[in-house]
Amino acid sequence: MKKTLSQSHTTPLPREGQGGGVSASTPLPREGQGGGVSASTPLPREGQGGGVSESGASRSLIVSALDHGTVIDHIPCDRLFEVINLLHLDQMTSKVTIGFNLKSHKMGTKSIIKIADRFFTDDELNQLSVVAPNVTLTIIRDYEVVEKKQVCLPDELRGIVRCNNPKCITNNEPMQTFFHVTNKQTGIIRCHYCNHEQELRK
């Protein structure tokens, strides 16, 4: 008896123009083209802020995880660009990731900034209390949260607030403003040059 050859189950690759399956020579997506997250991409850990959207079983990466650097979270959306200006983020050479109008249980919507490989001094960060007193700061090293803190109003403010006194020299000469904080609870500040007192939030 003649032996019959078994049929091969190899699925033929589609010919050019036929569509259907993916050819073995199909290139992988290049960086910046999208197309999925690599299995080696670390997910943000708790405390890194704003990284994962809460949508039940479906969880999607909104702001990429940070290995080393500083996270500034819970920024009011209308104060985002003031925070950027105060920290001079536009002059940095390290990677800066910004999330705008993200959903927040506490605030409704919020903004978040992640600065890679940059750790700020307390004096630098405390300036944020003028425009965003309720921001939270998180320090990340090797994808781990090593420190969390709040900003507090410093004793002196330079070049941040404008004096409300129209006769003050800072409003008539090209010079930096300088205020002493006289009451941190109520936000009362006093101009160093004309002694005019004003509320910080007004």
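The values are calculated or read from the model by the stated rules, or taken from the named source; none is laboratory data. Predicted model only: the values in this text are computed from it and were never measured. Here the Cβ is made from the backbone with ideal geometry for all residues, glycine too, and neighbour counts use every protein chain on show. Surface accessibility is based on the protein's heavy atoms, side chains included, excluding ligands, DNA and RNA. Shrake-Rupley method; radii C 1.70, N 1.55, O 1.52, S 1.80 Å.
General remarks:
- Residues of the range 156-192 classified as surrounded by fewer than 16 Cβ atoms within 10 Å (Cβ to Cβ), in contact (Cβ under 8 Å) with a residue 12 or more places away in the chain and not small (Gly, Ala, Ser), total: 12
- Pairs where the first residue, in the range 134-151, is in contact (Cβ under 8 Å) with a residue 24 or more places away in the chain and in a strand (DSSP E or B) and the second is among the aromatic types (Phe, Trp, Tyr) and open to solvent by 20 Å² or more (accessible area, probe 1.4 Å), C-beta under 7 Å, 6+ apart: Ile139/Phe119
- Some residue of the range 174-190 being in contact with a Phe, Trp or Tyr (Cβ under 6 Å, 6 or more places away or on another chain) and either closer than 22 Å to Val83 by Cβ or not in a loop (DSSP other than H, G, I, E, B) (or both): yes
Each row is one residue, and each column tells you yes or no for (1) closer than 20 Å to Cys152 by Cα; (2) open to solvent by less than 60 Å² (accessible area, probe 1.4 Å).
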site	(1), (2)
Ile84	yes, yes
Met92	no, yes
Lys95	no, no
His105	no, no
Asp117	no, no
Asp123	yes, no
Gln127	yes, yes
Ala132	yes, yes
Leu137	yes, yes
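- Being in contact (Cβ under 8 Å) with a residue 40 or more places away in the chain and either of a type outside the set (Val, Ile, Thr) or open to solvent by 60 Å² or more (accessible area, probe 1.4 Å) (or both) is a description that applies to Leu200.
- Condition check for Thr121: at pLDDT below 95, among the hydroxyl-bearing types (Ser, Thr, Tyr) and farther than 29 Å from Tyr193 by Cβ: no
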